Amino acid sequence: MIEIGIAISSAVSAFNMLKKGMQVGKDLQDMGGQLSQWAGAMSDLDFLENKNKNPSVFQIWLAVYLDLYF
């Protein structure tokens, strides 16, 4: 028969392992959120860079107008 002290010690150890596992999972989830936010920012920068490389007709006209008169 299992002694009460050993059973309690095992239960406490199991609880602490679960608690640590939950904390690791939370940390991984937080890190995933930060990586997702970073990837979104990089995507926005790529979009703006491509938009700047291919300006619209209005942007070209505005740049020429501002160059000529200001």
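Can you give the Kirkwood hydrodynamic radius for the chain, in Å, rounded to one decimal and based on Cα pairs?
Details: mean 1/r = 0.0565 Å⁻¹.
Computed over the chain, the radius equals 17.7 Å.
Between region 46-70 and region 2-42, how many Å separate their Cα centres?
51
Mind checking which aspartates and glutamates have their Cα closer than 16 Å to the Cα of Lys20? Skip sequence neighbours fewer than 8 apart in that chain.
Asp30
Taking the Cα centre of the chain as the origin and placing charges on Cβ (Lys, Arg +1; Asp, Glu -1), which of Ile60, Ala11, Trp38 is farthest toward the positive end of the dipole?
Ala11
Can you tell me the orientation of helix 4-53 relative to the chain, as the angle in degrees between its alpha-carbon axis and the longest Cα principal axis, to the nearest 10?
For helix 4-53, the angle is close to 10 degrees.
Compute the angle between helix 57-69 and the longest alpha-carbon principal axis of the chain, please, reported from 0 to 90 degrees and rounded to the nearest 10.
That works out to roughly 60 degrees.
Rule-based calculations on the coordinates, nothing more; no lab input. This one's a predicted model, so the numbers in the text were calculated from it and none came from an experiment. When we count neighbours, we look across all protein chains shown, and the Cβ atoms used for this are built from the backbone with ideal geometry, even at glycine.
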